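Q: Just passing along the structure, written as structure tokens.
We did not get these values from a lab; they are worked out from the coordinates using the rules stated. Everything quoted here is computed from the prediction, not taken from an experiment.
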Amino acid sequence: MHGVVSYADGIYAVDSVYGEQSRLAAIHLVVDHGRVAIIDTGSNGAVPHVLAALAGLGIEPGAVDWVILTHLHLDHAGGAGSLMCALPCARLLVHPGGMSHMVNPSRMWEKAVAAFGMAQAFRLHGRLVPVDEHRIVSAHNDMELQLGDRVLRLLDTPGHTCNHISIWDERARVFFAGDAFGVSYREFDVGSRAFVFPATSSSQFDPMSMMESISRMVVHEPQAIHLAHYGRVDGVERLATDLFRLIHAQMAIARAARGD
């Protein structure tokens with residue numbers, strides 16, 4: 001399937017083709033005994049890619065039980081409303097701080113327009129579609145979701161944003177970390193050695209919270225992390241050490257530039 005990477009344990013990464021760029025933002029599918037969880041949705045333009053990936057796997061839209069948002073930045077959550085319209089049985093799981101924005105996405109749209117301008121915001125994200133509040137479930141730390149015969153457990157992982165969650169798959173021993181464990185593009189890999197860089201969002205970045213979240217993930221001894229930017233990375237302890245070093249470096253730069 002074009003734009004879909006298949007990993008072990010029923011895990012797939014779907015290219016959202018965000019901003020018409022390939023391998024920039026990933027949407028993850030977890031499939032178990034014919035039931036599906038979709039982790040992040042990309043923007044509205046990604047919805048056809050997700051539906052095509054399901055069809056390519058022989059999965060009907062009605063087999064999707066959960067759509068889980070790691071956080072509400074529109075490159076990962078902007079297509080949630082449109083995708084939910086195509087998935088008749090799915091429930092949307094989101095941090096409690098983001099539930100009202102899914103029901104009424106007007107504030108998210110205003111922020112996108114302020115950041116990009118009206119034309120570019122619409123080109124990147126399309127029209128944001130609200131989600132019926134009765135289909136939204138509030139996430140909380142250590143919440144467990146049954147998917148087929150496997151359990152997915154949620155972990156609060158603030159830092160990139162204050163309302164960020166990550167998903168622990170005990171069977172596969174991997175985290176789906178959104179932007180909480182940095183960004184790592186495959187073009188920068190050297191052999192099997194991945195590059196990583198902290199995802200320091202402009203408005204809510206909290207370096208101390210981010211380092212604490214990274215530590216909480218590493219304690220689980222994951223075999224790999226699946227990132228929204230982009231896909232699976234191994235060598236988790238080394239990457240965590242790199243992230244700590246780079247976060248401290250960025251803090252030092254910010255302090256040195258304070259008042260300038």
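Q: Using the alpha-carbon centroid of each, what span in Å lies between the range 56-80 and the range 89-144?
A: Taking the Cα centre of each part, the range 56-80 and the range 89-144 sit 12 Å apart.
Q: OK, next. Along the principal axes of its C-alpha atoms, what lengths does the range 4-131 span, in descending order and rounded to whole Å?
A: Result, largest extent first: 43, 30, 20 Å.
Q: Just to check I understand the Karplus step: with θ = phi - 60° and J = 6.51 cos²θ - 1.76 cosθ + 1.60, what whole-Hz values come out for the range 15-26, glycine and proline as x?
A: Residue by residue, the range 15-26 yields 6, 7, 6, 5, x, 6, 10, 7, 6, 9, 9, 10 Hz.
Q: Something else now. Computed over the Cα atoms, what is the radius of gyration of the range 76-206 divided by 2.2 N^0.38 Å, N being its residue count? Let's see the in-between values first.
A: On the way: Rg = 16.5 Å, N = 131, 2.2 N^0.38 = 14.0 Å.
Expressed relative to 2.2 N^0.38 Å, the Cα Rg reads 1.17.
Q: Here's something else I'd like to know. Out of every Cα-Cα pair in the range 19-80, what percent are more than 18 Å apart?
A: Beyond 18 Å sits 30 percent of the P(r) for the range 19-80.
Q: With a length cut of 30 Å (Cα positions projected on each helix's long axis) and a Kyte-Doolittle mean of at least 0.0, go through the chain and give me the DSSP H helices that pass.
A: Values: long enough: 236-257 (31 Å, 0.55).
Going by DSSP H runs, the hits are 236-257.
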